[in-house]
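Values in this text are rule-based calculations from the coordinates and carry no lab data. Only a predicted model underlies this, so the values are computations on that prediction, with no experimental measurement involved. Every residue, glycine among them, receives a Cβ derived from its backbone with ideal geometry; neighbour counts consider all protein chains shown.
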Amino acid sequence: MLLNFGGNRMTDIQLIASDMDHTLLEEDGSVPTGLFDRIRALREHGVEFAAVSGRSIATLQGLFAPVRKAVTLVGDNGAVIERGSRRVYTNALPTATQQHLVVHAQRQRAGVPILSGVDAGTSMRGIGATLPSWVTFSTPCAWCPTLNSSSRM
């Protein structure tokens, strides 16, 4: 039996969604042993598994490559959703909004502006490089002189 709570099969469950960091993943960020076998077993029982994260969709694709066709990936805080290997939803901020947020972050000097795109995360040369954890959450990474739309890679 796949799932059993008190002897009752969980036949009404159609989807299990889990956050990644400090929830599903090990403390070192690795996938727990046996997870992919569990995902395949869920699928065989008609239960879909969704990995939900603030991480980029590309990072999730890499983590779940062995079961890519059997999972739903919700990346970039819900801005990109893929079911199997098919992208089913994308919600990007308008360019003007992105530029406004970058200027605001730069003026506040309280953080590092990083634009998380579907294909890459982008930050300014020299600034984003000071954030080693950034590559964990946004892969691949692109560097540019400024974050103006005309200068992004």
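A compact table of results
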{"quantity": "Nearest-0.05 FRET efficiency for Tyr89 and His45, computed from C-beta distance (R0 30 Å)", "calculated": "0.75"}
{"quantity": "Relative exposure of Arg86, Arg40, judged by other C-beta atoms within 10 Å (fewest first)", "calculated": "Arg86, Arg40"}
